[in-house]
Amino acid sequence: MDALTLHRIHFAFTITYHYLFPQLTMGLALLIVALKTVALRTHDPDQRERYDISARFWARIFAVNFVLGVVTGIPMEFQFGTNWSEFSRRTGGVIGQPLAMEGVFSFFLESAFLGLLLFGEKKISRKLHWFAAFMVFLGSWISGFFIIVTDAWMQHPVAYRLMPNGTYEVTSFWGLLMNPWAWLQYAHNMSGAVITGAFVVAATGALYLLQQKHVEYGRIFLKVGVVAGIISCIAQIFPTGDLHGKYMARHQPAAVAGMEGLFHSTPGAPMVLMGQPSVEKQTIDNPLVVNKVLSFLIYGTTTAEVKGLDQIPRDQWPSALPLLFYSYHIMAGLGTYFAALMVVAGFLLWRGKLYSTRWILWPILLSFPLPYIANTAGWMTAELGRQPWLVYGLMRTSEGYSKHVGPETSLFTLLGFLGMYSLLSILWIVLVYTAIQKGPKAPVVDEGHDAHTLTTA
Amino acid sequence: MGTLWFWIVAAMLTVYVVLDGFDLGVGIVYPFVARTEQEKRQAMHAIGPVWDGNEVWLIAGGGTLFFAFPLLYASSFSGFYLPLTIVLWLLIVRGLSIEMRSHTHDSVYKTFFDATFFLSSALLAVFFGAALANVIRGVPLGADDYFFLPLWTDWRTGPNPGILDWYTVLGGVLALLALALHGLLYLALKTTGDLNARSSAWARRLWPVIAVITAASVPATVIARPDSLVHYQEHGFAWLAPAMVVVSLATIMLSLAKRWEWRAFLGSCFYLASMLVGAAAGLYPVLLPTVGSEGHDITIARALAGPHTVRVGLVWWTFGILLAVLYSATVYWLFRGKVPEHTEGYGH
């Protein structure tokens, strides 16, 4: 394989793996705040105790995922320099800004308040402990924002100028942060993260109820998971997904045509529910379509013409077209399933039957890996859609990699990361599985990592 | 503006070395000074709530370097590709060792994570020292401002150096021992009982070795890069840094003799900080010097990002870093005091 391909696989692999952790921690952070809020506001001491224990349980799971998110996140910052040095040299004056802001504004806040959330419960007041949970939530969501500002600039560059030495500079700081693409993508991405958090919490609740273990916590988890799930699943489709799609159609028509497998411009374009795109024949095999829906979704009328790939120069077609098509369809298909499942569960919750209805507990339990797949597919849709551009319309991917780092070296470190990350996966599964098996009320005998001063509590 | 950002980045990396330095140091000395499970737990408790916050200074410092000097970031990170990737792997192993050790009760796994914690901490110290020595010595920059260094060559400095030569190995050894001392002094400060006594005793033994290597590093640097003294000759006040190194070393020695734990640790903080400031003063206004014939030094002026970027950056950076200092100080204050010998488990 050539150097460019290996550098791309290298980055794609490490970032895809990394994003398994933040999507859960960003979602969980919000749910922990919700649990802490209920605990703070309720007057019934038993109820309060149960919600506090629930929050503590999820904070422990949060911590494991947070550590994995941090250790797999540091390589991402490094790789801009190591594997994509020409990209860094030319665009560092722009994207270096949000990346540095993430470090300065978010990581310090998260690491400090996570310490308080985990180790400080008996040292600080209940309100301050709630505040610590809130700051961890804030930190993780600010972190996500700066990363998406960075990505949004690559998707839809704004507020820049070209300098004489070929590098880019920010012309307006607010312009960079207020990039409309960033806000649309952020809303869509964060509701995706809440979906992951909600499904993991709800699935744990379903497991406890099916096992008849930790039943009172199972109910809390299921209730919180389903309520958060309904809100986030619906928000994921409308308005965030809808608006993001419309904006994308205006600014990245090639990406949208690739996602939909639309090889020819069509008035009243249909939406392809399933099918296999063939780039060579420029058709979709075995298509299952709904007529005129695509035109309606993008332009609000059933007759509007949607731009197909035939209007786009061949050298600007998304380079991995079938993969883009499948990523988008997996994301959209799973998103629809999530909304349906959560709405049915929500109906049963409202009728007071959710906790005893086994036929709904099973799919809730088994669906917990699916949001990970959907979020990964969503990111692949965004990033494959941007190809062949590294910065849309400004810089091609083939211009950005480190030309002095040969394919051999890149392959070597890619294999190293593969090995290291497979070990991480085993450790992660063992840790999370053990924590969930032990349940929320398990006596904590964890030592070595925690704060010494707690012994005085 | 460029000079200001040079010192901001230097300051952030210095804070990183001083803070993460002590928890790396604890990792280096931990197998030697903590004998029983109780003592190991005590040592771990001493760094538990703060180590990941300390590491954030590296990430934030790296991010700041990226945005202020993109050319330097691009050139040095791709040039030091392999050692930096190894640093990443070591950071991953180390973070996991600390986290995993706290989640296991089996002595076999504890022994394993103790070993990986020690090895990754020690190797990180060596790599960081060698990395700084590489920057001081210079790299063979090409006409396009890029380079690619082999991991090792004939161990000689000169026009075609490798990442490891006699000078950078010296830098690695100095960093390893200096951080070991830093970790010992931190443990002495934060613990009681046998662990405290053993840490102080080891620190007293290590001190003369550090003094000798520190003294040797000055002529070594001048041999490896004669230009190091240019800035010192032009700006007399730069000599304050080496003077501070001597004062700090003396403070450590005196405090060790008098059992002033706080002063000894602070002495070590100042020792590390003044060594780094001294190195930065020797480099200024160059960021990455070149050796060999082809390229020219990457200077502050050439690497600095555009004027709007660095102007706006100064505003948010000042604001953000004040907040960061506030959070860190709060955590240190909340977890102040010594770790008692018999720590009970609590934790998350």
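Values in this text are rule-based calculations from the coordinates and carry no lab data. Because the structure is a prediction, the values reported are computed rather than measured. As a convention, Cβ positions derive from the backbone with ideal geometry for all residues, glycine included, and neighbour counts pool all protein chains shown.
For chain A, taking the reciprocal of the average inverse distance between every pair of different Cα atoms yields a Kirkwood hydrodynamic radius of 23.6 Å.
Express in % the proportion of alpha carbon pairs of chain B at distances exceeding 27 Å. For chain B, the share of Cα pairs beyond 27 Å comes to 47 percent. The phi torsions of the stretch B:121-138, fed into the Karplus equation with coefficients 6.51, -1.76 and 1.60 and a -60° offset, translate into couplings of 5, 5, 5, 4, 4, 4, 5, 5, x, 5, 5, 4, 5, 4, 5, 5, 5, x Hz, rounded to whole numbers, with Gly and Pro shown as x.
Counting Cβ atoms of other protein chains within 10 Å of each residue's Cβ and taking the mean over peptide A:54-67 gives 2. Taking chymotrypsin sites (Phe, Trp or Tyr not before Pro) across the stretch B:150-224, the ones in a DSSP loop with at most 14 further Cβ atoms lying within 10 angstrom of their Cβ are B:155. Normalising by residue count, the stretch A:347-409 has a Cα convex hull of 148 Å³ per residue. Extension gain for the segment residue A:165 to residue A:422, taken as residue separation times 0.36 nm less the Cα-Cα distance, is 88.3 nm to one decimal. If r is the Cβ-Cβ distance from residue A:396 to residue A:343 and R0 is 51 Å, what FRET efficiency results, to the nearest 0.05? Plugging the Cβ-Cβ distance into 1/(1 + (r/R0)^6) gives 0.70. The stretch B:56-185 gives an Rg/Rh value of 1.04, both radii derived from C-alpha positions and Rh following Kirkwood.
Available extension along the chain between residue A:434 and residue A:316 is 37.6 nm, counting 0.36 nm per residue and deducting the alpha carbon span. Taken about its Cα centre, the stretch B:1-73 carries a charge dipole of about 80 debye when Lys and Arg each add +1 at the Cβ and Asp and Glu each add -1 at the Cβ. Taken about its Cα centre, chain B carries a charge dipole of roughly 860 debye when the Cβ of each Lys and Arg holds +1 and the Cβ of each Asp and Glu holds -1.
Once Rg and the Kirkwood radius are both taken over the C-alpha atoms of the protein assembly as shown, their ratio Rg/Rh works out to 0.98.
Amide H contacts under 5 Å for residue B:164: B:152, B:153, restricted to partners 5 or more places along the chain or on a different chain, H placed in the peptide plane at 1.01 Å from N.
The Cα atoms of the stretch A:133-232 cover 69, 23, 20 Å along the three principal axes, with the biggest extent listed first.
The Rg/Rh ratio of the stretch A:29-91, with both radii computed over alpha carbons and Rh defined as the Kirkwood radius, is 1.37.
Exposed loop sites were defined as GluC sites (Glu not before Pro) in DSSP loop states (anything but H, G, I, E or B) carrying at most 14 other C-beta atoms within 10 Å; in chain B the longest segment without such a site runs B:1-293. Extending 7 Å from Cα along the Cβ direction at residue A:357 and again at residue A:16 yields two label points whose distance is 3.6 nm. Each 10 Å bin from zero up to the one holding the largest Cα-Cα distance in the stretch B:81-141 carries the following percent of pairs: 22, 41, 22, 11, 4, 0. Sites count as exposed loop sites when they are trypsin sites (Lys or Arg not before Pro), lie in a DSSP loop, and have at most 15 other Cβ atoms within 10 angstrom; the longest stretch of chain B without one is B:36-155.
Averaged over the residues of peptide A:165-178, the number of Cβ atoms from other protein chains lying within 10 Å of each residue's Cβ is 3. Within chain A, the selection of entire DSSP H helices by a Cα span of 15 Å or greater along the long axis and an average Kyte-Doolittle value of at least -0.5 returns A:3-18, A:20-41, A:45-82, A:85-101, A:108-119, A:126-155, A:180-211, A:215-235, A:321-350, A:370-386, A:407-438. Other protein chain C-beta atoms within 10 Å of residue C-beta, averaged over A:301-314: 0.
Applying both filters, DSSP loop and at most 13 other Cβ atoms within 10 Å, to the trypsin sites (Lys or Arg not before Pro) of the stretch A:73-158 gives A:122.
With semi-axes defined as the square roots of five times the eigenvalues of the C-alpha gyration tensor, the equivalent ellipsoid of the stretch A:188-307 measures 39, 16, 11 Å, largest first.
For the stretch A:270-346, applying the loop criterion from DSSP together with a ceiling of 16 other beta carbons within 10 Å to the trypsin sites (Lys or Arg not before Pro) yields A:281. Which parts of the stretch A:199-217 would a label at residue A:47 reach, counting a residue when its backbone N lies under 18 Å from a point 7 Å out along Cα-to-Cβ? It comes to A:216-217, nothing else.
The long axis of helix B:307-334 is offset from the longest Cα principal axis of chain B by roughly 10 degrees. Packing around the peptides A:109-116, A:182-189, A:365-372, taken as the average count of other Cβ atoms within 10 Å per residue, puts them in this order, highest first: A:109-116, A:182-189, A:365-372. The number of Lys pairs in chain B with C-alpha atoms less than 18 Å apart, excluding pairs fewer than 8 positions apart on the same chain, is 5.
Only lysine pairs 8 or more places apart, or on different chains, with alpha-carbon atoms under 25 angstrom apart are counted in chain A, and they number 24. Placing +1 on the Cβ of every Lys and Arg and -1 on the Cβ of every Asp and Glu, with no other charges, gives the protein assembly as shown a dipole of roughly 1800 debye about its Cα centre. What translational D, rounded to a whole number of µm²/s, comes out for the stretch B:160-259 from Stokes-Einstein when the hydrodynamic radius is the Kirkwood one over Cα pairs, at 25 °C and 0.890 mPa s? This corresponds to a translational diffusion coefficient of 160 µm²/s.
I need the fraction of alpha carbon pairs in the stretch A:247-361 separated by more than 21 Å, rounded to a whole percent. Counting every Cα pair in the stretch A:247-361, those more than 21 Å apart make up 45 percent.
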